[in-house]
Amino acid sequence: MDFSERLIESTDWATYLLLACFILFALSKYFYPKRFHEFSMLPLTNQYFFVHGKNDEINHPFNVMLFAAQVICVSVFLFLLFKVFNPAEVQKNEWLFLQICTAYSVFVLIKFSLEKIIANIFSLDDLINNYLYQKLSYRNFLAILLFIANLFFLYIYKPQPLALLIFCGAIVTLNAIALLYSYKKNGKLILRNFFYFILYLCALEISPYIILYKTFV
């Protein structure tokens, strides 16, 4: 009888992180039930933005909790991508997840700060704050989808390259739809300042992701 070694890879660290995400979602719903309900209806209605998008602060505890969950969910999913497409890097770099988490957090915060600075320079604080609030809210909602996907790929279905690519394509498409919706809401202003909008699009919406992609590759 031939014996083969059975290797069981521990996912305890991912379990703890996803549990932390679940706790953050639960706390946000517990302390802000009405707000969480309106947030959960984002794909169907814009009531959340009408109620909270104009006068609310981006650093509200509700947004902070969901952003923290977003960072964890995105980082875990990116780690899964590395695990499937570049397993050698995962094996030789035990700090890879922390590096991914730090890089994503710093990237988002720097990009957010630059947008706030530009808004202040051109006296567009109200408009840009509203846009940033919409973008943050949509990405926090997408983080819930990533949370479900992480559970699925970690504990139910072994991640395969094609499945991960299809899911990545779906997330990118949903994010693009959310951005297009925000641009549509400000269509008149964009048309009046179309040249500056193109500069903004290239400098702060396209090039940072190209740089991030090149960094990961």
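Only the coordinates and a few stated rules stand behind these numbers; no lab work does. Bear in mind the structure is a predicted one, so any value in this text is a computation, not a measurement. Reconstructed Cβ throughout: ideal geometry from the backbone, glycine too, with neighbour counts over all protein chains shown.
Listed values, structure above:
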| quantity | calculated |
| --- | --- |
| Neighbour count of at most 16 Cβ within 10 Å plus DSSP loop: longest GluC sites (Glu not before Pro)-free window in the chain | 95-217 |
| Listed pairs K92/K158; K83/K135; K34/K116 exceeding 25 Å between Cα atoms | K83/K135; K34/K116 |
| Loop-resident sites, region 40-124, for chymotrypsin sites (Phe, Trp or Tyr not before Pro), counting at most 10 other Cβ within 10 Å (DSSP) | W95 |
| Potential lengthening between W13 and K34 on full extension [0.36 nm per residue; Cα-Cα distance subtracted] | 4.3 nm |
| Helix 12-31 vs. the chain, principal-axis angle (Cα, 0 to 90°, nearest 10) | 30 |
| Virtual spin-label span in nm between M41 and T173, 7 Å along Cα→Cβ | 2.7 |
| Between helix 207-216 and the chain: long-axis angle, C-alpha atoms, 0 to 90°, nearest 10 | 10 |
| Option label - Rg and Dmax of the Cα atoms in Å computed here, alternatives (1) 17.6, 55; (2) 19.3, 77; (3) 22.2, 68 | (2) |
| Cβ-defined net charge surrounding F197, 14 Å radius [Lys, Arg +1; Asp, Glu -1] | +2 |
| Label-point separation in nm, K158 to F197, each point 7 Å along Cα→Cβ | 4.9 |
